[in-house]
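The structure appears below as structure tokens.
The values are calculated or read from the model by the stated rules, or taken from the named source; none is laboratory data. Quick caveat: nothing in here was measured; it's all calculated off a predicted structure. FYI the Cβ positions are ideal-geometry reconstructions off the backbone, even for glycines, and counts take in every protein chain you see. To get the accessible areas, we keep the full protein, side chains included, count just its heavy atoms, and leave off ligands, DNA and RNA. Shrake-Rupley method; radii C 1.70, N 1.55, O 1.52, S 1.80 Å.
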Amino acid sequence: YVSMTPNGDASKISSTVVVLSGGGGGARLAGALSGEAKGRQVIVVTNTGDDFEHLGLLICPDTDSVLYTLSGKIDQQRGWGRAEESWLVFEELKNIAGPAWFQVGDKDLALHLLRASLLSDGQGLVEATRALAKQLGVPDSVIVVPATESPVRTHVLTDQGRMAFQEYFVGQRCEPVLKDVIYEGVDAASPSQWLVDLLSQRGTREIDVVLGPSNPFLSLGPILDIPGMMALLRQQARRVVAISPIIGGRALKGPAAKIMSELGLPVSAAGWTLWMSERYPDLVDTWVWDEADEGQANSDALKSFDIRTTSTVMSDPAIARQFGAWLLEACASEC
Ligand code: FO1
């Protein structure tokens with residue numbers, strides 16, 4: 001399987017960008033950054049709070065969306081699972097009264113079976129994910145690493161009671177009113193050792209951290225709240241850049257805007273910035289907003305923030321690569 005030493009051929013790597021990612025925007029951003037990489041290593045740290053056991057298999061939705069996006073296999077329309085998928089097993093499962101609420105396609109199932117066998121052989125989640133990335137054809141310049149190998153499970157407290165993330169997201173289509181989010185197991189978790197080792201090589205290369213345009217409550221929270229993760233990123237990063245998931249008062253995909261309004265937060269790039277800076281003090285150096293929100297960037301409440309605006313909508317690979325290049329420039333620029 002893939003060598004686990006983080007440095008690999010450390011000599012050739014000039015710098016490293018670490019992207020914290022949920023399943024959607026973060027994956028696209030990683031693809032854009034690796035497209036711009038010249039000797040630059042891209043590490044995608046994936047959220048594991050959505051992971052759960054289903055049919056005796058460990059489902060890792062955000063990690064798999066990143067793996068499929070980076071290997072060009074993602075179903076663009078759904079945003080999860082495989083393109084050109086078939087559903088023979090799922091159909092038969094329904095015929096024999098198996099669970100019908102969560103659709104796992106035939107090709108997607110192959111990945112889950114391989115992961116299950118690697119895990120049962122005693123491999124950890126990081127090692128298994130590295131092997132799957134290699135088998136899927138993820139470019140060597142990008143390394144996908146789950147944020148932690150300890151079980152962390154997102155639960156939401158809603159007006160319909162407490163429920164597991166997938167029940168909220170898939171079962172209830174995010175309709176319940178959200179009151180709070182709990183990351184079960186996070187207090188006992190620690191950052192993946194592989195990530196700690198890689199980031200601890202600070203001296204050998206520049207390391208920048210990008211918080212992808214992911215849902216802060218559902219995708220970034222289960223990563224940043226891992227004890228030690230904030231300190232690790234803060235100490236080892238030259239620059240920490242965060243990209244707003246809210247553009248013109250709405251989220252491009254998913255329930256981030258709905259959750260912000262249910263939590264009584266202003267649904268705007270400014271509202272997101274102020275919430276993030278209070279929740280994760282002294283973490284972010286540079287805030288990236290979409291140019292649609294430029295007018296708000298110079299309000300009094302934000303004058304101490306380094307806010308940069310650009311076109312952040314990665315609507316096609318070429319535009320995404322332009323954004324990736326812009327981001328790499330921003331990371332290297334003066335505060
Ligand atoms: N999302 C759905 O809305 N319906 C599904 O049936 C579904 C199946 C599924 C299977 C594998 C997988 O990796 C993701 C899947 N998702 C499905 C998406 C999943 O709910 C993710 O948690 C979301 O993408 C949010 O991260």
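Screening the stretch 84-136 for residues that are in contact with a strand residue (DSSP E or B) (Cβ under 8 Å, 6 or more places away or on another chain) and part of a loop (DSSP other than H, G, I, E, B) and picking the one that is most open to solvent (accessible area, probe 1.4 Å) gives P99. Inspection of the stretch 168-183 finds a residue satisfying the criterion of being away from the ligand (no atom under 16 Å from the Cβ), acidic (D, E), assigned to a strand (DSSP E or B) and exposed (fewer than 15 other Cβ atoms within 10 Å of the Cβ).
When Q235 is tested against (1) over 20 Å from T158 (Cα atoms); (2) in a loop (DSSP other than H, G, I, E, B), just one condition goes unmet, and that condition is (2).
If I ask for residues that are within 13 Å of the ligand (Cβ to nearest atom) and of a type outside the set (A, V, I, L, M, F, W, C), which ones from the stretch 57-75 would you list? Once the filter is applied, which keeps residues that are within 13 Å of the ligand (Cβ to nearest atom) and of a type outside the set (A, V, I, L, M, F, W, C), the stretch 57-75 yields P61, D62, T63, D64, S65, Y68, T69, K73, D75.
Regarding V144, is this residue under 17 Å from the mean Cα position of the chain (by Cα), surrounded by 16 or more Cβ atoms within 10 Å (Cβ to Cβ) and assigned to a strand (DSSP E or B)? Answer is yes for this residue.
Residue count for the stretch 20-48 satisfying the condition of being more than 16 Å from the ligand (Cβ to nearest atom) and either of a type outside the set (D, E, K, R) or modelled with pLDDT of 75 or more (or both): 11. Inside the stretch 193-225, residues that are over 14 Å from the mean Cα position of the chain (by Cα), within 14 Å of T46 (Cβ to Cβ) and of a type in the set (V, I, T) make up a count of 0.
If the condition is being touching a Ser or Thr at 6+ places or on another chain (Cβ under 7 Å), open to solvent by 30 Å² or more (accessible area, probe 1.4 Å) and closer than 23 Å to S315 by Cβ, then the stretch 34-83 contributes only W80.
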